[in-house]
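A.B. asks: This is the structure I have questions about; it appears just below.
The values are calculated or read from the model by the stated rules, or taken from the named source; none is laboratory data. Bear in mind the structure is a predicted one, so any value in this text is a computation, not a measurement. Virtual Cβ from ideal backbone geometry, glycine too; neighbours counted across all protein chains shown.
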Ligand code: HPA
Ligand code: ZN
């Protein structure tokens, strides 16, 4: 469509992307075959049909199961390279990607294998596709803070390759406070901080991520809506929200895209951005997310361009580079 072509031509940064969530069913089967890993599904189509979720946890169960086929450095490289090709086709010029080391170290895979494969693909993507990058290490919030501390220790030899730390996985019952000490240590080591908050969890988790974890962005954050004073604060401080529309409808945060609040938050002056989260599982990459909200919320091209500009405002690019894209 003309709108899709125009959106692909708009320079964009993607700031909320779990690299393990880009593992397409075809690659799951190819890697299962390579490593002789048995799968619970008979075919690529049967696996894709299973991507029909009730909530965050029903997705996470399949997402962690899918990641089990990632075994060596070449696998992490191939997954990341495939994502970067799709991002380039969508007009993404800068990526800040999450990875979940604990999903892999718990299976006996060295964190160096994970970081090495991802980083090699990012360096090639910069050279061959012109996509700049930052890497964000996420702690799994359903695990303990002690396990997060051990993960931070294991990552320290790769310190220069990692821009920041984040917090993902099951939100409810795992508030930001649970990770106050490890985030403070990450801050003292010079890591930037972000956290998933206000996806399924309450608006209070957004406040606590800001006040207790000292984050510079909120991942998702759509439930800020339940606290008008918080919405006003987010607007006044330009605290970015990395919103993922197709994720929110697939995980039933909203029953329908027409109910999504991103258009309202944009008009209220918030630094909201559009991202794909786990595109292999949620049915679309970043332009599909822009198209879905453009259609459901009748956003104008000026509003869509503003969302793309805000993705650079919210990014960790150096100011001189940021200005080239805004
Ligand atoms: N929320 C929480 N954890 C996740 C997500 C998400 O959207 N995607 C991958 N891990
Ligand atoms: Zn996410």
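A.B. asks: Considering 118, 131, which residue is within 16 Å of ligand 1 (Cβ to nearest atom), touching a strand residue (DSSP E or B) at 6+ places or on another chain (Cβ under 7 Å) and under 20 Å from residue 78 (Cα atoms)?
C.D. replies: On the way: 131 fails: within 16 Å of ligand 1 (Cβ to nearest atom).
Answer to the selection: 118.
A.B. asks: Give me the pairs, please: first residue somewhere in the stretch 218-247 and within 19 Å of residue 285 (Cβ to Cβ), second residue anywhere and at pLDDT 95 or above and in a helix (DSSP H, G or I), beta-carbon distance under 6 Å, and either six or more positions apart or on two chains.
C.D. replies: These pairs meet every condition: 243/262; 245/289; 245/292; 245/293; 246/282; 246/289; 246/292; 247/282.
A.B. asks: If you don't mind, there's one more thing I want to ask. Are any of the residues in the stretch 7-20 more than 16 Å from ligand 2 (Cβ to nearest atom), within 16 Å of the chain's Cα centre (by Cα) and at pLDDT 95 or above?
C.D. replies: Checked against the condition, which is being more than 16 Å from ligand 2 (Cβ to nearest atom), within 16 Å of the chain's Cα centre (by Cα) and at pLDDT 95 or above, the stretch 7-20 yields at least one hit.
A.B. asks: Mind checking which residues of the stretch 189-215 are in a loop (DSSP other than H, G, I, E, B), within 18 Å of residue 229 (Cβ to Cβ) and more than 14 Å from ligand 2 (Cβ to nearest atom)?
C.D. replies: Result: 202, 212.
A.B. asks: Name the residues in the stretch 171-188 that are more than 12 Å from ligand 2 (Cβ to nearest atom) and either buried (at least 17 other Cβ atoms within 10 Å of the Cβ) or closer than 25 Å to residue 313 by Cα (or both), would you?
C.D. replies: Matches in the stretch 171-188: 174, 175, 176, 178, 179, 182, 183, 184, 186, 187, 188.
A.B. asks: For the stretch 165-193, give me each residue that is within 15 Å of ligand 1 (Cβ to nearest atom) and at positive phi.
C.D. replies: Correct list: 169, 173.
A.B. asks: Would you pick out the residues in the stretch 109-143 that are in a loop (DSSP other than H, G, I, E, B), surrounded by 15 or more Cβ atoms within 10 Å (Cβ to Cβ) and away from ligand 2 (no atom under 16 Å from the Cβ)?
C.D. replies: Result: 109, 131, 143.
A.B. asks: Do we have any residue at all in the stretch 221-231 that's within 12 Å of ligand 1 (Cβ to nearest atom) and either surrounded by 20 or more Cβ atoms within 10 Å (Cβ to Cβ) or in a helix (DSSP H, G or I) (or both)?
C.D. replies: yes
A.B. asks: Inspect all residues belonging to the stretch 63-77 and state whether any of them is farther than 24 Å from residue 108 by Cβ, within 16 Å of ligand 2 (Cβ to nearest atom) and either within 18 Å of the chain's Cα centre (by Cα) or assigned to a helix (DSSP H, G or I) (or both).
C.D. replies: Checked against the condition, which is being farther than 24 Å from residue 108 by Cβ, within 16 Å of ligand 2 (Cβ to nearest atom) and either within 18 Å of the chain's Cα centre (by Cα) or assigned to a helix (DSSP H, G or I) (or both), the stretch 63-77 yields no hits at all.
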